[in-house]
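Down below is the structure, laid out as C-alpha cells.
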Amino acid sequence: MITKETKDILMSDYPLFEENTRKFFKKDMSMPDYKKFSGQFGTYAERGMQTGMSRWRFPGGEINQDQLKFMAEAIRKYNLEHIRFTIGQAIQMHGLDGETIIALFKECFDHDIFCRGAGGDTISNFGSSPLHGIDPEEAFDITPYIHAGYDEILPMLKYFKLPRKFKIAIDNGHDASCHALIKDAGFHAKPNGTFDVYMAGGIGPGPALGIKVAEDVDPKKMNYYIKAMIMLFTNYGNYKNHNKARSRFIPAELGGEDEFKAKYNEILDMVMDVESLDIDPDKYARPITKTGPVDDSVLGPRVGKQKQEGLYWVEYKPLAGDADPNHLLAALDYVTGLDQVEGRLSPAAGIYFINLRADEARHLLGLLPEGATSDFERSLACVGKNRCQIGMQDSPGLLRSIIGAVKEADLDMSFLPTIHISGCPSSCGCHQIGEIGFQGSIKLVNKVPTPAFAVFVGGSECVDHPSFGKPVATLAQDVIPTMMVDLGHKLQKAGITDFHAWQAAHYDEFVAFLKDYE
C-alpha cells in the first residue's frame, strides 16, 4: 500500500519537472540535457523535438477500475490519438505538447499511476505474467508479491542513484512472457510455492541470461533479494561508461559468475541481518469474489478461461501495440460499468480485460476490432524511428508491411512464428530472443545507403531453454515481406507447425534461405 510519505517523496521535485519541461518546449534546454532529466519522470522528447511521450507504468500490468475510467477521461480531454501498449507492460501516450505532458503526470499521480521510474537510469516497471492470479495453470498466485515489491522499490526511485536502468520481473511458472530469466532481477515461480532467483540478466548490446543465485526461495523473502541486487548494482555498476553500465556487465568485472554470486550473497546476508523486509501476502491479497455461469462456448483465440468459476478474459492485441482510440474508448466505457473487471497489460504489447462473465465477454468482443488471432499476428515491434530519438528504422512499418503481404498471399498464419522487430541495437522489440528477430540497420544497395534490418535466428524466450539469436543476414527492408511470404509457403508446404524445432534441426538450411535475399 503506497503511503502518503512515499507519495510526497515522489512528488517533491515535481516543480522542477514542470520548469524543465517548459524550458525544453520553449527551446531553452537542449534535447540531451532534457533527456537526462525527463526519463526519470516517464517522458521523452520525440524525434523532431516538437512533441513528447508520456509513459504510464502499472505494476504487473494491473489497471484497476478507477484507472481505466481515468484513462478514458484523459483520452477524451486531451484528444490522445496515439496510444501504445508497450512490451514493458506500460502505456505510452505519444504526440504530446509540453503542457499536456505536465498535466498528465500530475493527473496520473492522483490516480496512483506513478510515471516515476518509467524511464531513465532508475528502476523500471515491475513486470510479470499478465494473467497472474487468474491463470488456471500458474504455479501459485504471485499477485501479492508484485505489489509488495512495487511498494518497496517506489521510495528507492529517489534514494538510489543507479548507473543505468534496472528491470524486475516475476513469472507465474506457466507464462514466461515477462522474461524473468533475462532481467536485472528475476523470479521464477515453482509448483512447490517457491521462487528460483536470477540476477544480472538483460538484452541489448552484450546480452546475458540471468545468473541463478538461489533456488526454492520463500516468496515472503523476495524483497531482500531485490534490495541486495540494487545495492550490488549501485556499488559495482559502471558509472563512467554508459555502454557498460547495465548490471549484466558486472559479473565479468568481478571476475566471473562464481565471484559475482559470492559478492551477491555477501550483500544479501548483510541485508537480511539489518533489514525487516518480510512480506505479508495477506496484506496484498486481491480477492476476486465475482462468479458466473460456466459457458465455454465463448472460448476462442481472443477469449480464455480463468481459474475463477464462470469468469473469462478477453485479449485486445492491436498490430504493433498501437491501439485504435475509438475502439479502446468503447471498451473502457463498457468494462468500467462491470463488477470487478480490470485491465492487464501484456508483454506482447496488448491488454487483457479480466473477470468477465461469458455474456460480458461476448459483448466486449463486439466492441473491439478483430486483433491478433495467431502467434504470428502477436509479433512485436518497438516504436521505431518515427517517434524514437535513436531509432534507425521504422519497426511498426515493417511489421505492418509483413502482415499485409502475408494476408494478401492468403497464407495460413499458423505456420509462421512470432517475430520481434527492433529499430536499433537497443532491443526494445526483443529481437535477440525472438525465433526470428530483426534489428534496424543500413545496407548499401547499388552503392546507395538503404533502410535494412539484420536478421537474428535461434533466439528463445522459453524458460526451459532461453537463448539469444545470432545475426546471420542483413536484408533490405523492402524485400523482407516477400521473404516472409516465401517462408510461409515453404513451411506450409512441408506441414511445419513447430517452427522452433524445425529451425533447430534445419539451421544451415534456414540461414542459406535467408542469404538468398541479401
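Each value in this text was obtained by applying a stated rule to the coordinates, not by laboratory testing. This one's a predicted model, so the numbers in the text were calculated from it and none came from an experiment. Cβ: placed from backbone, ideal geometry, glycine included. Neighbour counts: every protein chain shown.
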Under 16 Å from residue 36, Cα to Cα: aspartates and glutamates that are on another chain or at least 8 residues apart: 13, 18, 19, 28, 46, 121
Pairs over 19 Å Cα to Cα, from 161/227; 158/227; 69/106; 165/227; 165/317, come to 165/317
Matching label for the computed semi-axes √(5λ) of the Cα gyration tensor in Å, out of [x] 54, 33, 19; [y] 32, 28, 26; [z] 66, 23, 22, is [y]
Taking amide H positions as placed 1.01 Å from N in the peptide plane, with prolines and chain starts having none, which residues 5 or more places from residue 184, or on another chain, fall under 5 Å of its amide H? 167, 201
Just to be sure I understand: of the beta bridges DSSP finds with both ends in the chain, what percent are antiparallel, rounded to 5? 80
Assigned charges on the beta-carbon of Lys, Arg, Asp, Glu; segment 1-156 dipole about Cα centre (debye): 740
Can you compute the charge dipole magnitude of the chain about its Cα centre, using +1 on each Lys and Arg Cβ and -1 on each Asp and Glu Cβ, nothing else charged? Give it in debye, rounded to the nearest 20. 1800
Mind listing P(r) for segment 97-143? All alpha-carbon pairs, 5 Å bins, whole percents. 5, 18, 15, 16, 16, 12, 10, 5, 3, 0
To make sure I understand the rule: partners must be lysines, Cα under 19 Å from the Cα of residue 220, and not fewer than 8 residues away in the same chain. Which ones qualify? 190, 212, 283
Which whole-number percent is the relative contact order of the chain (Cα, under 8 Å, 6+ apart)? 12
Trypsin sites (Lys or Arg not before Pro) within segment 1-79: DSSP coil, no more than 10 neighbouring Cβ in 10 Å: 26, 27
Interchain or long-range residues, amide H under 5 Å from residue 419's placed H: 379, 380
Using a basic spin-label model with each label point 7 Å from the Cα along Cα→Cβ, how many nm lie between residue 174 and residue 299? 1.2
Please give every one of the aspartates and glutamates within straight-line cross-link reach of residue 515, meaning a C-alpha to C-alpha distance under 20 Å, and leave out same-chain neighbours fewer than 8 residues apart. 435, 478, 486
Starting from 0.36 nm per residue, how many nanometres of slack lie between residue 79 and residue 30 once their C-alpha separation is accounted for? 14.9 nm
At 7 Å along the Cα-to-beta-carbon direction for both residue 448 and residue 220, put a label point, then send me their distance in nm to one decimal. 6.8
What full-extension length gain, to one decimal in nm, is calculated for residue 283 and residue 235 as 0.36 nm per residue of separation minus the Cα-Cα distance? 14.1 nm
For segment 21-27, what does the Karplus curve 6.51 cos²θ - 1.76 cosθ + 1.60, with θ = phi - 60°, yield as ³J(HN,Hα) per residue in whole Hz, taken in order and with x for Gly and Pro? 5, 5, 4, 5, 6, 8, 6
Show me the trypsin sites (Lys or Arg not before Pro) within segment 192-261 that DSSP assigns to loop and that have at most 10 other Cβ atoms within 10 Å of their Cβ. 240
How far apart, in nm, are two points set 7 Å out from the Cα along the Cα-to-Cβ line at residue 506 and at residue 414? 1.8
With charges only on Cβ, +1 for K and R and -1 for D and E, what is the dipole size of segment 227-290 about its Cα centre, in debye, rounded to 20? 580
By the rule of no other cysteine beta carbon under 4.7 Å, the lone cysteines of the chain are 108, 115, 178, 388, 424, 430, 462
From the backbone phi of segment 305-322, what are the Karplus-calculated ³J(HN,Hα) couplings (6.51 cos²θ - 1.76 cosθ + 1.60, θ = phi - 60°) in whole Hz, Gly and Pro given as x? 9, 8, 6, 6, 4, x, 10, 9, 10, 10, 9, 10, 10, x, 4, 6, x, 8
Only sites in a loop by DSSP and with at most 16 other Cβ atoms within 10 Å count here; which GluC sites (Glu not before Pro) in segment 304-352 make the cut? 309
